[in-house]
Amino acid sequence: MSSIKGRSNLIYGGYEKAPNRAFLKAMGLNDNDISKPLVGIAIAWDEAGPCNIHLLGLSSVAKEGVREAGATPRVFTAPVVIDGIAMGSEGMKYSLVSREVIADTIELVTNAHGYDGFVAFGGCDKTGPGMMMAMARLNIPSIYMYGGSALPGVFRGKPITVQDVYEAVGSYSAGKLTAEDLRIMEDNAIPGPGTCAGLYTANTMGIISEALGVALPGSASPPAVDSARVRYAKETSKAIGKLVENGIKPRDIMTFEAFENAISMLMATGGSTNAVLHLLAIAKEANVKLTLDDFDRISKRTPTIAYLKPEGEYAMYDLHRVGGAPLILKKLLEAGLLNGDVLTVTGKTMERNLKEFTLPQISHAHIVRDVKEPFLPSGGIRILRGNLAEEGSVMKVSASKVKRHKGPAKVFNSEEEAFRAVLDRKIKEGDVVVIRYEGPKGGPGMREMLAVTSAIVGQGLGEKVALITDGRFSGATRGIMVGHVAPEAIVGGTIALLKDGDIIEIDGESGLLQVELEKKEIEERRSTWKAPDPRYRRGLLAQYASLVSSSAKGAVLQADE
Ligand code: FES
C-alpha cells in the first residue's frame, strides 16, 4: 500500500519533515510504520453512558486490522452526548450540536495530521451521523462500523427497553405504577453496554449505514456484547486497506441512489424521524441534492415490513437473530425497491454483497415480512405541509394507529412548560400540544420531546392527544406526533403565531398540517409578532444558533453553495 500513501507523505515525507517524524518516533513508531499510509481510527467514546462504552476496547482489534491491511493506525476519540440522559434537560440542546462537533473533530484530527483514510466507530444517536458526515465531507477512503445495541432488559418476565422506563414515569405520575415497580424497571432496563435496544435513532442509523453502503454487510445488528462485534471491528478495519488501495472514496459510494436505498430502509422499518435530518445532513456533505420530497416519494412506495420497537414488539437483538439489515435489504431488492448496482465499501455492488451474505435459515415473518404481506402498506414516515409548515414537517405515521387529528391548540414556549402541564394533568383528550421555540435555531439544538410524549402515553392519552413542535422526537416516541415544523418559531414561522384554542388539523394520510385561520388573520398576527431575544449570547449554543439551517435542510452548519 505504500505506493498510494499520499496525504501523510506531505506531513511526514522528506528531510524537512524530520521533526514531524521525531514526534511519531517518540510514540514508538519506526521508519517502516511511518512509510505506510496512516489511517485514523475515530472512536466516539467517553464515559457519559453505556452506548459507546465498549468501543474503546475495540480499538486494539481495529489497530490489528489496519496493520494487517498494510497501514499504520492512529486512534483518536470524538465526544459522545448520551441522548437518553440529556433528554428533558438543557443538556439535550447539545445533542444535535454534538453531531456537528463529531464531524468537525474527525475533520480536524484527520486533516491536521494528513491521515490517508479513517475507520469510524459510532454508537449513540448522533455519533454515527456525525461520522458519516465526516466521511462525506472529507471524501478520503473511510469506512463506518456501528457499535451495536444493548440487550433488552427484563421486567416481571417480559423484555423491556429504556423506552418502558420513560413511559413508566408518566404511569407513576398518574398513579398507575408503584414506586417499587418504577425502581425495578430502572434497575433492569439496560443490562449492559450498547445503544438503546429498540429501533430508535441509533439502531435506525446503524442499519442505514449498511443500506447507504458505508458499512460491511451484517455489521449493524450484532449486540454490543456479541463476539461478532470483535470480528466485524477487525474486518471493517482491514477493509480500509482495499479502499485506500483502490482509491474508493465515500462520494463514490454516497450517491443519490445510495441515499434512496437508505431512505427505503428507513421507511421499510418504521425507523426514527431523526434519520430524516441526518440523511439530509450527510447528503449535503456529499454534495447530493436530497430533499424532503424524496422521503415522501419513497415512503409512498415502500411498505413497512419490520415490526420493531417502538411500534412493534421486537428489539434489534431479535432482528439480528433472523438476519439483520441484509434480510430487509434482500426483501427490498427482490421487490425492486432497492438500487442493487450501487457501489459499497466492500468494493462490490449492493446486489453482490447481498448475494454473498448468508442468512440464517430461521422463520422471521413475526419480525420481518415479505413486501407483498407488509405490516403497513406504506412507509413509516410522512412529510406534512400546509400553512403551519410551508417548508415541511415530519410525522411518524407508523407510531400511531390514528393518522388524523383535529383539535384545539395548547401552546407552550418550551419543552419544560409542556412537560409540567402534562404532569399537572392540564392536557385533555382532543388537545393538540404545541411546543415551539425548540427548533434548531430557537432551542437552540432542536431538543427531543421524549419526556413529554412518554408522559402523554403513560397517562393513557397516547392516541387521544396530538403534539406538534419545531423540535424533534426521540426514536422511541409513540403517538400522534409531528416534529421538525419548518419554518421554526424563532424565524417567524406560523407556529410562532398560534394561540391557545386555535384549531389545528393533522392529516398523516394526505400530508397536511394546518391551522384553521384565514390568511388575513395570520398576516395580522405576523405583523405584531416580535422574535424573542436569543437564549444564548456566547459559547457553543450561541455559535450554533447563529449558523444552523432549517430542519427541512438537515439543520446543518454548511452554507448553501
Ligand atoms: Fe444512546 Fe439511546 S441513549 S442510543
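Quickly run through the range 133-169 and pick out the residues that are over 21 Å from Ala71 (Cβ atoms) and of a type in the set (S, T, N, Q). Selection gives Ser149, Thr161, Gln163.
Of all residues in the range 97-134, those being more than 16 Å from the ligand (Cβ to nearest atom) and among the charged types (D, E, K, R) number 4. Is the range 525-536 home to any residue that is more than 30 Å from Glu100 (Cβ to Cβ), of a type outside the set (Asp, Glu), more than 30 Å from the chain's Cα centre (by Cα) and surrounded by 19 or more Cβ atoms within 10 Å (Cβ to Cβ)? No, that holds for no residue. Of the set (1) outside any strand (DSSP E or B); (2) farther than 30 Å from Val422 by Cβ, all apply to Arg99 but (2). Selection of first residues in the range 469-480 that are under 17 Å from Val165 (Cβ atoms) and of second residues that are within 16 Å of the ligand (Cβ to nearest atom) and among the basic types (Lys, Arg), restricted to Cβ pairs under 9 Å at least 6 apart or on distinct chains, gives the following pairs, ordered by first then second residue: Ala476/Lys309. Going residue by residue through the range 94-102, is there one that turns out to be under 19 Å from Val80 (Cα atoms), touching a residue at least 24 places away in the same chain (Cβ under 8 Å), of a type in the set (Phe, Trp, Tyr) and surrounded by fewer than 24 Cβ atoms within 10 Å (Cβ to Cβ)? Yes, because at least one residue in the range 94-102 is under 19 Å from Val80 (Cα atoms), touching a residue at least 24 places away in the same chain (Cβ under 8 Å), of a type in the set (Phe, Trp, Tyr) and surrounded by fewer than 24 Cβ atoms within 10 Å (Cβ to Cβ).
A residue that is within 25 Å of Gly462 (Cα to Cα) and away from the ligand (no atom under 16 Å from the Cβ) occurs nowhere in the range 199-206. Picking from residues in the range 378-395 that are in a loop (DSSP other than H, G, I, E, B) and within 13 Å of Leu266 (Cα to Cα), the one that is nearest to the chain's Cα centre (by Cα) is Gly380. Taking the condition buried (at least 24 other Cβ atoms within 10 Å of the Cβ) and modelled with pLDDT of 95 or more, does Ala281 pass? Yes. Considering the range 57-96, and only residues there that are among the basic types (Lys, Arg) and under 19 Å from Leu243 (Cα atoms), the residue that is farthest from the ligand (Cβ to nearest atom) turns out to be Arg67. Scan the range 537-557 residue by residue and report those that are crowded, with 17+ Cβ neighbours inside 10 Å, assigned to a loop (DSSP other than H, G, I, E, B) and not aliphatic (A, V, I, L, M). Ser549, Ser550, Gly554, listed by residue number. For Ala418, the conditions (1) in a loop (DSSP other than H, G, I, E, B); (2) touching a residue at least 24 places away in the same chain (Cβ under 8 Å); (3) farther than 22 Å from Ala555 by Cα all hold with the exception of (1). Within the range 138-159, restricting attention to residues that are within 14 Å of the ligand (Cβ to nearest atom) and of a type in the set (A, V, I, L, M), the residue that is farthest from Glu210 (Cα to Cα) is Leu151.
Could you go through the range 105-125 and let me know if any residue there is closer than 21 Å to Ser551 by Cβ, in contact with a Lys or Arg (Cβ under 6 Å, 6 or more places away or on another chain) and not hydroxyl-bearing (Ser, Thr, Tyr). For the range 105-125, residues closer than 21 Å to Ser551 by Cβ, in contact with a Lys or Arg (Cβ under 6 Å, 6 or more places away or on another chain) and not hydroxyl-bearing (Ser, Thr, Tyr): absent. One residue alone among Leu212, Leu216 is away from the ligand (no atom under 14 Å from the Cβ) and over 18 Å from Gly271 (Cα atoms), and that residue is Leu216.
The values are calculated or read from the model by the stated rules, or taken from the named source; none is laboratory data. Note that the coordinates shown come from a computational prediction; the quantities given were computed from them, not determined experimentally. Positions of Cβ are backbone-derived with ideal geometry, glycine not excepted, and every protein chain shown enters the neighbour counts.
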